[in-house]
Amino acid sequence: MAVWIQAQQLQGDALHQMQSLYGQHFPIEVRHYLSQWLEGQLWDVIDLENPQEEFKAKRLLDSLIQELQNKAEHQVGEDGFLLKIKLGHYASQLKSTYDRCPLELVRCIKHILYTEQRLVREASNSSSPVGGMMDSMSQKYQQINQAFEELRLLTQDTENDLRKLQHNQEYFIIQYQESLRIQAQLTSLATLPPADRQLREPTLLSKRATVEAWLTREANTLQKYRLDLAEKHQKSLQLLRKQQTIILDDELIHWKRRQQLAGNGGPPEGGLDILQSWCEKLAETIWQNRQQIRRAEHLRQQLPIPGPIEELLNDLNSTITDIISALVTSTFIIEKQPPQVLKTQTKFAATVRLLVGGKLNVHMNPPQVKATIISEQQAKALLKNENTRNDSSGEILNNNCVMEYHQATGTLSANFRNMSLKRIKRSDRRGAESVTEEKFTILFESQFSVGGNELVFQVKTLSLPVVVIVHGSQDNNATATVLWDNAFAEPGRVPFIVPDKVLWPQLCEALNMKYKAEVQSNRGLSEENLVFLAQKAFSSSSINPDDYRGMTMTWSQFNRESLPGRNFTFWQWFDGVMELTKKHLKPHWNDGAILGFVNKQQAQDMLMSKPNGTFLLRFSDSEIGGITIAWVAENPNKPGERMVWNLMPYTTKDFSIRSLADRISDLNHLLFLYPDRPKDEVFSKYYTPPLSKAVDGYVKPQIKQVVPEFTTTNPDPAANPTYMDHGASPVVSHPPNYGIYQPMSDSMLDADGDFDLDDTMDVARHVEELLRRPMENQWRGQQS
């Protein structure tokens, strides 16, 4: 029997737990109408911890959207019309929520299906296969949901106890009033004659004794009820603190860390819907307990009974206020970070969000958020609660925004769309620090009123570190600062301290993440690539990866000190490779056609064992953002001897004129891509199609590349190419010669390249003689 059919038969708490699985992040209607499809997918084969699985998750998301749309299209009739609109809305909502983070959808559905199976199994007291879906995340979700259920039951229990206390106290007050009435009657007996007083007084005294004895017992009972209720509230608050710590200090911090790594090209941080649903449940439960504690305080004031309850209630009130304060201030977060490399006079955006905005009526009086840029030192002072006198380190235009409540999604957020950094005030730099190593942050601050101005909170949150630049040429070094910070920042750090040195494997992980994101490729850096980078970074010749695992790289080695014999740093070289690959070489990298991370000696060793015409592509060691072709061929100076030639590196400038594939096609001496793939098999799909034939008598010119030492006859006599010479050498590369024509000798220069006056005069006399001839004679002479 389908799980969904059995789940609909659950009762009581099990049914409540099942219903709590659904919400805006995944509507229960989607589960109902697509139950068979959902239970038929292989959700458990997707590894949630492997970013490479994201394409599978995206395929499942697209299929889910398609299934919903198909279901909507088949709805007919009056009721079907409404359902059609509803299902279409859910399709759009799910696409919007999970399009950037499809693994979160898989995580959510796996959790739902596992929990339903567990609830059905427990209800039927029989085992049911769970399909291997119980992973660590499902366990964590289960623990969180179980804690919420425990809190719900505790809160319901204290609510019942509070009502019982109130009822008993009201009856106590009635009896107390009765004792006062009896006392008044006894007092009035003094005005009666002695005979009447003696007749009535014993009865009243007996009634008073009975009522007072009851009041004494009941006062003790009420005091016990109050103490028991306070103890239960203490237990609730302890569990609330624990649950809040798990959600805010674990789950929310993990989300922020994923957001930071996403800045380095890591997988998307995922949506906030599940986190928001947890925070909203926390807010509701905290507020219910706070209202109960205030009602208990009101009952105490209404009927003061000596004892420790007053101090207990004060402590409870203080604790619950601290808890709600921590919740509100911690859930004021930056959903969309501003760019971490921020150029002045350039528009940028950011979004801040309050995860509990819809539950505490904050949206009833929409707060305004202000954005300010502050320095690292100002950020440190802010976190120490030192008076910063509202200092800023620059001026941001359009830096105020009112938070808006979106009814459809239940989110309260402020979307800064058109901010611009007008000016920046830099601090004194330390030692060798450059302007691209100086970190700032965007401070977002606001004031929230909770519960109808019952509580007012000043909230602040800091963006990830921002490096401010004024020119595009600074982007490279600024990106290095951001990458190092995002990769190696530790949770809870003092702004914005990062280690000065890190283990090489840690840096490899960061570089691989960045490379795959920039190049937009699933092909990352292989172990061989990383060994090459280690050799470059540490000036080492070892090819054993284990030799580098314990080595550390400092920030100075990364992007402050130039590589030996070069005028650029390790990062500048690596970034140049990424930029070149991203702009011009991405398909070839994805095809595996570019070895890339190979030095000149390695290339020679690899090619010398291959047939003539075998070539490979490697990134230039000597030039930032360059790639060269190395090939094996005969040595023209020594017949029978072979050697490896290296073409002068191509850069972005070269590829803007002619693509890599076309250049390889032009060079007829290149036959096989290492190790033995025919070049046309690899590159032909990227060749530019041949130009069309002459139009209106004009022939279109064509640019082609030649290497003078390896030029062959043009096989196509109809072509009219313009040749670009490109230097090649087995040892060193020559400067390029982009001559459209063959070099011409100058008769006005002598053998030493000096100006010759006599020859010049001869040329002048010849020109003068030509000018004296009639025009027709000149033309006739040229025709002949």
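Values quoted throughout were computed directly from the atomic coordinates according to the rules given, and no laboratory measurement underlies them. Please read these numbers as outputs of a predicted model, since none were measured by experiment. Cβ atoms come from the backbone with ideal geometry, glycine included; neighbour counts cover every protein chain shown.
Annotations
- Spatial offset of the range 581-627 relative to the range 285-364 amounts to 59 Å, using the alpha carbon center of each.
- Shape annotation for the range 145-326: C-alpha extents along the principal axes are 101, 24, 19 Å, from largest to smallest.
- Acute angle (nearest 10 degrees) that the helix 475-488 long axis makes with the longest principal axis of the chain, alpha-carbon atoms: 40 degrees
- With a cut-off of 15 Å between beta carbons, the residues surrounding Thr344 carry a summed charge of +3, where Lys and Arg count +1 and Asp and Glu -1.
- Among beta bridges that DSSP assigns inside the chain, antiparallel share in %, nearest 5: 85 percent
- Listed options for Rg and Dmax of the Cα atoms in Å are (1) 39.7, 168; (2) 31.2, 107; (3) 30.4, 95. The value calculated from this structure is the one marked (1).
- Computed 3J(HN,Hα) for the range 245-262, one whole-Hz value per residue from the Karplus formula 6.51 cos²θ - 1.76 cosθ + 1.60 where θ = phi - 60°, is 5, 4, 6, 7, 8, 10, 5, 5, 5, 4, 4, 5, 5, 5, 5, 5, 5, 4, glycine and proline marked x.
- Out-of-range pairs (alpha-carbon distance over 28 Å; input Lys58/Lys501; Lys242/Lys460; Lys242/Lys514): Lys58/Lys501; Lys242/Lys514
- Helix 54-73 vs. the chain, principal-axis angle (Cα, 0 to 90°, nearest 10): 70 degrees
- Rounded to whole Å, the principal axis extents of the Cα atoms in the range 316-454 read 52, 35, 20, largest first.
- Most to least packed among 416-427, 439-450 [average Cβ atoms within 10 Å]: 439-450, 416-427
- All lysines inside 17 Å of Lys600 as judged from Cα atoms, apart from same-chain residues fewer than 8 positions distant: Lys536, Lys610
- Under a 5 Å amide H cut-off, with hydrogens placed 1.01 Å from N, Gly596 pairs with Leu617, Arg618, Phe619 among residues at least 5 apart or on other chains.
- Additional length obtainable on full extension of the chain from Ile28 to Asn635, 0.36 nm per residue less Cα span: 211.1 nm
- Per-selection Rg to Rh, the range 3-126 - Cα, Kirkwood hydrodynamic radius: 0.98
- In terms of distances greater than 32 angstrom between alpha carbons, the cross-link table entries Lys110/Lys583; Lys84/Lys370; Lys439/Lys582; Lys336/Lys384 yield Lys110/Lys583; Lys84/Lys370.
- Amide H contacts under 5 Å for Lys704, placed H, 5+ residues apart: Thr722, Tyr723, Met724
- Sorting the segments 455-462, 194-201 by their mean number of nearby beta carbons within 10 angstrom, highest to lowest, gives 455-462, 194-201.
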